[in-house]
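The values are calculated or read from the model by the stated rules, or taken from the named source; none is laboratory data. Remember, it's a predicted structure, so these values are computed and weren't measured experimentally. Positions of Cβ are backbone-derived with ideal geometry, glycine not excepted, and every protein chain shown enters the neighbour counts.
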Amino acid sequence: MPRPTSAQIAYGSATVVLSTLAMLLLTRTSSVAGVAVVALGALALGLVVAAAVPVSRRSPRTVAGSSRVPRQRAGSAPARVGEHSLHG
């Protein structure tokens, strides 16, 4: 299952918060059961909105010569395990 994008998280969260506030103000409910129903409805609406946000598709092809792993510079030697720039 793919991870949600930041746009899906933002739109879903904003929908949950705003729809909860709107429904609580419109229904003027004060009972625990009413607030629970409103919260569950807002959560369901937020999930629908987050799922409806289009996901950007990456091209399956890569540009010639490019790879996901960065190549090592020509003049540099490989680092030894446990060695980094903070040790003199």
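Within the stretch 38-60, the set of residues being more than 12 Å from residue 15 (Cα to Cα), exposed (fewer than 14 other Cβ atoms within 10 Å of the Cβ) and modelled with pLDDT of 90 or more comprises just one member, 40. Scanning the stretch 8-37 for residues that are surrounded by 12 or more Cβ atoms within 10 Å (Cβ to Cβ) and of a type in the set (Ser, Thr, Tyr) gives 11, 13, 15, 19, 20, 27, 29. Contact annotation: no residue pair with Cβ atoms under 7 Å, 6 or more positions apart or on different chains, pairs a residue in the stretch 42-60 that is assigned to a helix (DSSP H, G or I) with a partner that is at pLDDT below 75 and hydrophobic (A, V, I, L, M, F, W, C).
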